[in-house]
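Undergrad: Provided herewith is a single structure, encoded as structure tokens, for subsequent inquiry.
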Amino acid sequence: MKTTTQESFLAGQGMARRSFLRFAGASAVAAGLMTSISSCKKNDGTDFQPVDIGSGDLAVLNYAYALEQLEAAFYTQVISNPYNGISADERALLTEIRDHEVIHREFFKKALGSNAIPELTPNFSAINFSDRANVLGAAKTFEDLGVAAYNGVGYMIQTVDYLVLAGKIVSVEARHAALIRNLLGLNFADSTILDMNTGLEKSQTPAQVIPQANAFLQGFKISAPGLGA
Amino acid sequence: MDILNLFNDIQAADPEFADRISPRRAAIKNITSFGSKVAVAALPFAFGTLFKKAYGQTATSSVNDVLNFALTAELVEATFYNTAVARATAGTLAIPTNDLNAIKLIQADENNHVTFLRSVLTSANESAANKARSTAAIPAGTFSTSYDYSGAAKGVPGAGPFSAVFTNYDIFLAVSQAFEDTGVRAYKGQAGFLKGNQVVLTAALNIHSVEARHAAYIRRLRATRAGAPANFRSWVTGDGTTASGITVTAAATAATNPIYANEATTAQAGAELSGIAGAKAATEAFDEILSTNDTLAILTNFVK
């Protein structure tokens, strides 16, 4: 199941490489999934069965990969089609966020190698890209959702290295979320995402997150029975 | 933190869970504290222990250690903001009205984190050092026996590199950023010890992301102040003063540079990422971890 790319990517980090090898069973799931994808597509190409992202750490990594694909595609469109009246400061900030999300996406793609789910096709028709409040509101949604998703899936990660990597990424997503909220004239958090009694972020399970992500996808949707969704 | 739901969730995720925790299993029999003796408030911790036994992992004291470590950091932060808001109310620290809402929400978060961590730890497991630390605002003209927010915990009280912390708003923001960015990296450094522990790990992650929101917002407030470094961001670029934007004095830089050690890395899990969108973005896209010892080395300037 390993490609040359994956082999070299994982070379020199014994822990992660062994862990990937340990998921040979999960790789078989992914292999089956690739087959089922091609077989489930109707001739007219309009009907797609959801992509089952498998189980174990591979499922978590693919889950993150799916969310990062959405975020990267969103900010790519924001920068290529900036909203009316965008300031130089906002353009610079959103460009940097785009770069972070593209790096996250490419990182997961590389780490997953042949176990990666297909590239997803976003559907941002609900977003008015020419309107500042609409775009920044959507950015807030994506960032808050990303943070809640990483927090909610962390305990399912079996390999410490992956847990740490998820932790390295989620705090950057939280930084984005706080900055976007500042641009909107809001505080860094409110009761929609923060438990005001404990000061803890409200994490979300994959079962809660996936329908929200799927709303922004056309073609393949995501399903994750291995993560309880 | 609904323990009963948790049990159902676990059984849904692992049909063999009930069997794993059967009292007939030798590993489970040894958990003498589990059962009628365990207090409701201690349940999350008991569950952590139960998990380790049920899944055959090495039982360690690290969950308690992690929680005490986190509590120390939260006590430092809660007292810091309690003092700042008291000084702002007294008119001796000029926090702009618009910023004060954010500072007060951070204050509430940090105090809630203290309360939450204490409820999870229970009094029996809280370290004596933490028990001795109060979160009461430090009155002007006095010195705390627990903290020195000037950064002089090892020297003359109040005479550290941030001696104006509660009179100069820019200095206050710099110290606030130092604590929040430290918190983000410190929590991350503990995550591995809590792997697989749904209750405690998820709680730690849900505090960790709030600390990151604090850090980002404080950095944004700094970025919009007069005289802010150019292109100073809510995320961390590179290391040293590029990352901190703290250059008031050499001593201040020396105290805060360790917070950003290793942040200039552009590779993750053995993969060089600077080819994707440049080296600068590659340093920013991932926040690095701080080990327990590195965190303590930073906090030692502020905690007695």
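The values are calculated or read from the model by the stated rules, or taken from the named source; none is laboratory data. Source: prediction; values computed, not measured. In this analysis, Cβ positions are derived from the backbone assuming ideal geometry, glycine residues included, and neighbour counts consider all displayed protein chains. SASA here: full protein model, heavy atoms, side chains in, ligands and nucleic acids out. Shrake-Rupley method; radii C 1.70, N 1.55, O 1.52, S 1.80 Å.
Undergrad: Can you spot a residue in segment A:180-193 that is in contact with a Leu (Cβ under 7 Å, 6 or more places away or on another chain), open to solvent by 10 Å² or more (accessible area, probe 1.4 Å) and either in a loop (DSSP other than H, G, I, E, B) or at positive phi (or both)?
TA: Yes, that holds for at least one residue.
Undergrad: Could you check, for segment B:103-118, whether at least one of its residues is in contact (Cβ under 8 Å) with a residue 12 or more places away in the chain and more than 13 Å from chain A (Cβ to nearest Cβ)? Can you show your working first?
TA: Of segment B:103-118, the ones in contact (Cβ under 8 Å) with a residue 12 or more places away in the chain are B:103-104, B:106-107, B:109-111, B:113-114, B:116-118.
After this cut, where a residue has to be more than 13 Å from chain A (Cβ to nearest Cβ) as well, the list is none.
For segment B:103-118, residues in contact (Cβ under 8 Å) with a residue 12 or more places away in the chain and more than 13 Å from chain A (Cβ to nearest Cβ): absent.
Undergrad: Which members of segment A:154-170 meet the condition of being more than 14 Å from the chain's Cα centre (by Cα), aliphatic (A, V, I, L, M) and in a helix (DSSP H, G or I)?
TA: A:M156, A:V160, A:L163, A:V164
Undergrad: Still on this structure, please answer the following. From the set of residues in segment B:221-271 that are open to solvent by 30 Å² or more (accessible area, probe 1.4 Å) and of a type in the set (K, R), which is nearest to the chain's Cα centre (by Cα)?
TA: B:R222
Undergrad: Working only within segment A:195-223, note down all residues that are more than 7 Å from chain B (Cβ to nearest Cβ) and over 21 Å from the mean Cα position of the chain (by Cα). Spell out the reasoning first.
TA: At the first step, the residues of segment A:195-223 found to be more than 7 Å from chain B (Cβ to nearest Cβ) are A:195-196, A:202, A:204-223.
Correct list: A:D195, A:M196.
Undergrad: Let me ask something else about it. Quick check: is even one residue across segment B:208-218 assigned to a helix (DSSP H, G or I), open to solvent by less than 30 Å² (accessible area, probe 1.4 Å) and of a type in the set (S, T, N, Q)? Walk me through it before giving the result.
TA: If we filter segment B:208-218 for residues that are assigned to a helix (DSSP H, G or I), which is where we start, we get B:208-218.
Within this subset, residues satisfying the condition of being open to solvent by less than 30 Å² (accessible area, probe 1.4 Å) are B:208-218.
From the residues that got through so far, the ones that are of a type in the set (S, T, N, Q) too are B:209.
Yes, that holds for at least one residue.
Undergrad: Looking at (1) touching a residue at least 24 places away in the same chain (Cβ under 8 Å); (2) more than 8 Å from chain A (Cβ to nearest Cβ), which one does B:I207 not meet, given that it meets all the others?
TA: That leaves (2) as the condition not met.
Undergrad: So which residues in segment B:288-304 are open to solvent by 40 Å² or more (accessible area, probe 1.4 Å) and part of a loop (DSSP other than H, G, I, E, B), if there are any at all? Please lay out each step first, then the result.
TA: From segment B:288-304, those open to solvent by 40 Å² or more (accessible area, probe 1.4 Å) are B:289, B:291-294, B:296-297, B:300-301, B:304; that's our starting set.
Those that are open to solvent by 40 Å² or more (accessible area, probe 1.4 Å) and part of a loop (DSSP other than H, G, I, E, B): B:I289, B:S291, B:T300, B:N301, B:K304.
Undergrad: Out of all the residues in segment B:246-287, which are among the aliphatic types (A, V, I, L, M), in contact (Cβ under 8 Å) with a residue 12 or more places away in the chain and in a helix (DSSP H, G or I)?
TA: B:A251, B:A252, B:A254, B:A255, B:I259, B:A279, B:A282
Undergrad: Kindly evaluate B:T202 against the criterion of being modelled with pLDDT of 95 or more and either part of a loop (DSSP other than H, G, I, E, B) or more than 17 Å from the chain's Cα centre (by Cα) (or both).
TA: Working: modelled with pLDDT of 95 or more: yes; either part of a loop (DSSP other than H, G, I, E, B) or more than 17 Å from the chain's Cα centre (by Cα) (or both): no.
No; evaluated as a whole, the condition is false for this residue.
Undergrad: Restricted to segment A:124-154, and to residues that are over 19 Å from A:E90 (Cα atoms) and surrounded by fewer than 19 Cβ atoms within 10 Å (Cβ to Cβ), which residue is nearest to the other protein chains (Cβ to nearest Cβ)?
TA: Taking the candidates together, the pick is A:F124.
Undergrad: Let me ask you something else. Looking only at residues in segment B:272-287 that are surrounded by 20 or more Cβ atoms within 10 Å (Cβ to Cβ) and among the acidic types (D, E), which one is nearest to the other protein chains (Cβ to nearest Cβ)?
TA: B:D287
Undergrad: Of the residues that sit in segment A:90-108 and are open to solvent by less than 10 Å² (accessible area, probe 1.4 Å) and aliphatic (A, V, I, L, M), which one is nearest to the other protein chains (Cβ to nearest Cβ)?
TA: A:I103
Undergrad: If you don't mind, there's one more thing I want to ask. Looking for whichever is without any contact (Cβ under 8 Å) to a residue 60 or more places away in the chain and closer than 30 Å to B:T266 by Cα here; the options are A:K202, A:K140. Which one fits? Walk me through how you get there before you give the answer.
TA: Values: A:K202 fails: closer than 30 Å to B:T266 by Cα.
So the residue among A:K202, A:K140 that is without any contact (Cβ under 8 Å) to a residue 60 or more places away in the chain and closer than 30 Å to B:T266 by Cα is A:K140.
Undergrad: A further question on this structure: Return the pairs, sorted by first residue and then second, in which the second residue is at pLDDT below 95 and of a type outside the set (S, T, Y), the first residue lies in segment A:105-119 and is assigned to a loop (DSSP other than H, G, I, E, B), the beta carbons are less than 7 Å apart, and the residues are 6+ apart or on different chains.
TA: That search, which allows pairs on different chains as well, returns A:I117/A:V51; A:I117/A:I53; A:P118/A:I37; A:P118/A:V51; A:P118/A:F220.
Undergrad: Taking A:L165 as the residue in question, decide whether it is in contact with a strand residue (DSSP E or B) (Cβ under 9 Å, 6 or more places away or on another chain) and within 14 Å of chain B (Cβ to nearest Cβ).
TA: For A:L165, the condition - in contact with a strand residue (DSSP E or B) (Cβ under 9 Å, 6 or more places away or on another chain) and within 14 Å of chain B (Cβ to nearest Cβ) - is met.
Undergrad: What are the residues in segment B:129-183 that are in contact with a Leu (Cβ under 9 Å, 6 or more places away or on another chain) and closer than 14 Å to B:T72 by Cα, if any?
TA: B:N130, B:R133, B:S134, B:T135, B:S146, B:Y147, B:F179, B:T182
Undergrad: Now a separate question. Might you let me know whether segment A:37-47 holds any residue that is open to solvent by less than 50 Å² (accessible area, probe 1.4 Å), of a type in the set (D, E) and modelled with pLDDT of 50 or more?
TA: Checking segment A:37-47: not a single residue is open to solvent by less than 50 Å² (accessible area, probe 1.4 Å), of a type in the set (D, E) and modelled with pLDDT of 50 or more.
Undergrad: Can I ask one more? Which of (1) more than 14 Å from chain A (Cβ to nearest Cβ); (2) more than 30 Å from A:D57 (Cα to Cα) does B:A261 not meet, given it meets every other one?
TA: (2)
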